[in-house]
Ligand SMILES: CC(C)(COP(=O)(O)OP(=O)(O)OC[C@H]1O[C@@H](n2cnc3c(N)ncnc32)[C@H](O)[C@@H]1OP(=O)(O)O)[C@@H](O)C(=O)NCCC(=O)NCCS
């Protein structure tokens with residue numbers, strides 16, 4: 001990827017939906033549940049630590065600002081049928097310089113109670129469609145600790161590919177930690193289309209224009 005990346009800006013914050021999920025902008029009412037999942041050691045097993053309430057709130061603040069400034073970010077995910085908030089799925093731009101940056105990353109973090117039901121995959125597929133169709137991105141990446149099998153399985157289910165030659169040592173993780181070795185998954189818009197990703201858009205989505 002080139003050293004410069006065009007970051008499209010939408011006229012209004014995008015909100016998406018899938019068969020079972022709403023991917024929406026953040027509400028203050030999400031803060032307690034998001035702090036609870038960020039304080040769960042099982043959810044945060046592959047991160048340096050759990051997050052404090054203030055760090056959890058700071059993530060929401062940053063994403064709210066991104067929605068206000070460019071119209072897309074990590075969405076709050078809720079189950080349509082119940083309205084229950086379960087975590088986030090979305091697109092972000094890594095701030096840290098890594099071997100493959102600048103780039104747009106697809107990512108996810110769900111409450112333990114929401115695992116094992118296909119929600120991350122369902123939300124991530126819609127985030128990819130939004131990234132490629134609405135934002136027109138040429139490529140979307142994802143990366144995680146090599147040992148994070150559940151997250152890697154999501155990357156593989158949504159059609160992303162890893163080249164082990166691009167594995168890297170994450171500079172924020174101390175040498176010797178089993179979490180330091182990371183793998184990179186990529187998906188180009190071209191490959192996504194070839195794989196049949198370009199399904200008809202959900203008429204409820206994409207109401208904002210670039
Ligand atoms: C990464 C994470 C989101 C993955 O969650 P997950 O539940 O494994 O993934 P999905 O939501 O896609 O669900 C897939 C599972 O649901 C099952 N499933 C059940 N009903 C399903 C349905 N209707 N449709 C699809 N899959 C379904 C699948 O068979 C699969 O099960 P398996 O794990 O036994 O193979 C979750 O582990 C998490 O939040 N981890 C902590 C945060 C984290 O590590 N984030 C990534 C950092 S890079």
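Derivation of every value follows stated rules applied to the coordinates shown; laboratory data play no part. What you are looking at is a predicted structure, and each value in this text was computed from that prediction instead of being measured. Cβ coordinates were reconstructed from backbone atoms using ideal geometry, including for glycine residues, and neighbour counts include every protein chain displayed.
Figure the gain on full extension for residue 27 and residue 177 (residue separation times 0.36 nm, minus the Cα-Cα span) and round it to one decimal in nm.
Between residue 27 and residue 177, full extension yields 50.4 nm more.
Order these peptides, 137-144, 93-100, by their mean beta-carbon neighbour count within 10 angstrom, highest first.
Top to bottom by mean Cβ count within 10 Å: 137-144, 93-100.
Suppose only helical runs count, i.e. DSSP H with n ≥ 4. What mean residue ellipticity at 222 nm does that imply for the chain under -39500 (n - 2.57) per run, divided by all residues and rounded to the nearest 500 deg cm²/dmol? Kindly include the intermediate steps, with their values, before the conclusion.
Numbers: 5 runs with 52 residues, N = 210.
Using -39500 (n - 2.57) per qualifying helix, the result is -7500 deg cm²/dmol.
Could you list 32, 167 so that the one with the fewest beta carbons within 10 Å of its beta carbon is first and the one with the most is last? Intermediate values should be presented prior to the final figure.
Working: 32 11, 167 14.
In increasing order of surrounding Cβ atoms, one gets 32, 167.
Quick one: if you stick a label point 7 Å off each Cα along the C-beta vector at residue 7 and residue 44, how many nm between them?
Roughly 2.6 nm, to one decimal.
Can you put 160, 44, 155 in order of Cβ neighbours within 10 angstrom, beginning with the fewest?
44, 160, 155
Have a look at the DSSP beta bridges in the chain and tell me what percent are antiparallel, nearest 5.
Given both bridge residues lie in the chain, the antiparallel proportion sits at roughly 95 percent.
Classify region 75-210 as rounded, prolate or oblate, taking a ≥ b ≥ c as the square roots of the eigenvalues of its Cα gyration tensor: rounded when a/c is under 1.5, otherwise prolate if a/b is larger than b/c and oblate if not.
Details: a/c = 1.89, a/b = 1.31, b/c = 1.44.
Because a/c hits 1.5 or more and a/b fails to exceed b/c, region 75-210 counts as oblate.
What is the gain in length, in nm to one decimal, between residue 68 and residue 81 on full extension, counting 0.36 nm per residue of separation less the C-alpha to C-alpha distance? Write down the numbers at each step before the final one.
Numbers: separation 13, 0.36 × 13 = 4.68 nm, distance 2.72 nm.
Contour length minus Cα-Cα distance gives 2.0 nm.
Most exposed first by the Cβ proxy, i.e. fewest other Cβ within 10 Å, how do 182, 165 rank?
Ordered from fewest to most neighbouring Cβ atoms within 10 Å, 182, 165 come out as 165, 182.
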